[in-house]
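Just below is one structure, and these are the notes that go with it.
The values are calculated or read from the model by the stated rules, or taken from the named source; none is laboratory data. As the structure is a computational prediction, the values presented were derived from the model and not from experiment. For neighbour counting, all protein chains shown are included, and Cβ atoms are generated from backbone atoms with ideal geometry for every residue, glycine included. The protein model used for the area step is the full one, side chains on, heavy atoms only, and it has no ligands, DNA or RNA in it. Shrake-Rupley method; radii C 1.70, N 1.55, O 1.52, S 1.80 Å.
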Amino acid sequence: TIPALIQAAFQDSDREWLISGLFSMGRSGDEVWNPNVLSCLDHSVPEVQAEAVRAAGELEIQEARQPLIDMLEEFETLDDNVRIATVVSLSRIGGEGVRQSLEAMLEEINDDEEADIISAALENLDFVDLGLLPGMFDFSPIRPHEDDEDDSDYLEDWELDDENEEDWDLDNGVEEDE
């Protein structure tokens, strides 16, 4: 079975198999792997540690929040991949102390590319903290006129005039004044 293969990879003495096992645990979305992932957050090999941190973020392991925040307190000493994985994972986990840690790091960082990653993580955190991500794929149609009993004009309200496409306000279905 697939879980048995993931477990075997995780327990293999070869570092690449361990990394593969952690990768698979993260992608599985199954919280049964949380203890395994948590056990590798402080691994001495940066490649293994980075994959464990990524998996913690993908699994949104709440128990990983504080260890990851603690890691960021000494971000200058972290391997680059571990540091970036930590930032991204914290933005997926969210919760108390995450925003403050990321903002503090953003103020101290001198690398523009890394600052962009932290800024993107803070934006992602906005969604996580507001609880918007789980329902983002709810494709219930939003009706422009909730009080309308007849939905026959629903599409008409949202049709675009191809010639004046740039003048159309898609938010409320009316043309903008120039």
Report summary line: Log10 I(q)/I(0) at q = 0.12, 0.22 Å⁻¹ for region 1-129, from Debye over equal alpha-carbon scatterers, is -0.42, -1.22
**Report entry** Fraction of accessible area attributable to carbon and sulfur, region 49-123 (%, probe 1.4 Å)
**Finding:** 40
Query raised in the report: When you count, for each residue, the other Cβ atoms within 10 Å and take the mean per peptide, how do 58-68, 84-94 rank with the highest first?
Result: 84-94, 58-68
Requested in this report: Would you calculate the separation in nanometres between label points at Trp17 and Ala115, each defined as 7 Å from the Cα along the Cα-to-beta-carbon direction?
Outcome: 4.5
Query raised in the report: Using θ = phi - 60° and the Karplus form 6.51 cos²θ - 1.76 cosθ + 1.60, what ³J(HN,Hα) does each residue of region 58-73 get, whole Hz, x for Gly and Pro?
Result: 5, 7, 6, 6, 4, 5, 7, 3, 5, x, 6, 4, 4, 5, 5, 4
**Report entry** Average accessible area per residue (Å²) across region 1-103 - probe 1.4 Å, nucleic acids and ligands excluded
**Finding:** 52
**Report entry** Highest-first arrangement of 97-108, 41-52, where packing means the average Cβ count within 10 Å
**Finding:** 41-52, 97-108
Requested in this report: Find how much the distance from Asp42 to Glu73 grows on full extension, using 0.36 nm per residue of separation minus their present alpha carbon separation; answer in nm with one decimal.
Outcome: 9.7 nm
**Report entry** Rough spin-label spacing in nm, given labels placed 7 Å along Cα→Cβ, for Asp80 and Leu106
**Finding:** 2.2
Report task. Would you be so kind as to identify which of Trp33, Leu72, Ala55 lies farthest towards the positive end of the dipole of region 1-80, taking Lys and Arg as +1 and Asp and Glu as -1 on Cβ and the Cα centre as origin? Result -> Trp33
